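The values are calculated or read from the model by the stated rules, or taken from the named source; none is laboratory data. Computed from a predicted model, the values in this text were never measured in an experiment. Positions of Cβ are backbone-derived with ideal geometry, glycine not excepted, and every protein chain shown enters the neighbour counts.
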Amino acid sequence: MSILMGHHASAHPLVHHVHVGTSNDPVSAPKGRGFWRFFGRAWIGSYRAGYTAESKRHRGKGLHPYTMYLLGALVSLLGAFAIGGVIGV
C-alpha cells in the first residue's frame, strides 16, 4: 500500500495468474511495448480488473479489501506528507 499498489494482492492472483500472456491480462505487455509506455495501462488496468474480480468473490462479506487498500495508501501519503511535506509525497 505504501507504493500505491495494495491492489496487487488481489489483482495478481485473481487476474494475472488466470489470464497471463493474453489480452485479458492488463499487466502482460504487447511485444515491443516499452515500460513507460505501458506502465499507466498496467497500473490502472490491474486496479480495475482486480476490483472487479475481488467484488465478484467478496459479495458483501464485510469490508471490501479495496477499501483497505485505499485507506492504506491514504495513510502512507499522509505519513509521507507529515514527514517531508509535498516533496516527501
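Is it the case that HIS7 is under 16 Å from the mean Cα position of the chain (by Cα), within 16 Å of ARG57 (Cβ to Cβ) and surrounded by 15 or more Cβ atoms within 10 Å (Cβ to Cβ)?
So HIS7 passes the test.
Residues that are aromatic (Phe, Trp, Tyr) and either more than 14 Å from LEU4 (Cβ to Cβ) or part of a loop (DSSP other than H, G, I, E, B) (or both): does region 64-74 have at least one?
No: region 64-74 contains no residue that is aromatic (Phe, Trp, Tyr) and either more than 14 Å from LEU4 (Cβ to Cβ) or part of a loop (DSSP other than H, G, I, E, B) (or both).
Which residue out of ALA80, ALA73 is surrounded by 10 or more Cβ atoms within 10 Å (Cβ to Cβ), aliphatic (A, V, I, L, M) and either at pLDDT below 90 or touching a helix residue (DSSP H, G or I) at 6+ places or on another chain (Cβ under 7 Å) (or both)?
ALA80
Rundown of residues vs (1) of a type in the set (Gly, Ala, Ser); (2) assigned to a helix (DSSP H, G or I), yes/no style:
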| site | (1), (2) |
| --- | --- |
| SER2 | yes, no |
| HIS16 | no, yes |
| THR22 | no, no |
| ARG41 | no, yes |
| ILE44 | no, yes |
| ILE87 | no, yes |
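Six or more apart or on different chains, Cβ atoms under 6 Å: show the pairs whose first residue is in region 42-58 and of a type in the set (Ser, Thr, Tyr) and whose second is not in a helix (DSSP H, G or I).
Filtered contacts from region 42-58: SER46/PRO26; SER46/VAL27; TYR47/HIS7.
Are there any pairs, at least 6 apart or on different chains, whose C-beta atoms fall under 7 Å, with the first in region 66-85 and closer than 17 Å to GLY50 by Cα and the second among the aliphatic types (A, V, I, L, M) and modelled with pLDDT under 95, and if so, which?
TYR69/MET1; GLY72/MET1; ALA73/MET1; ALA73/LEU4
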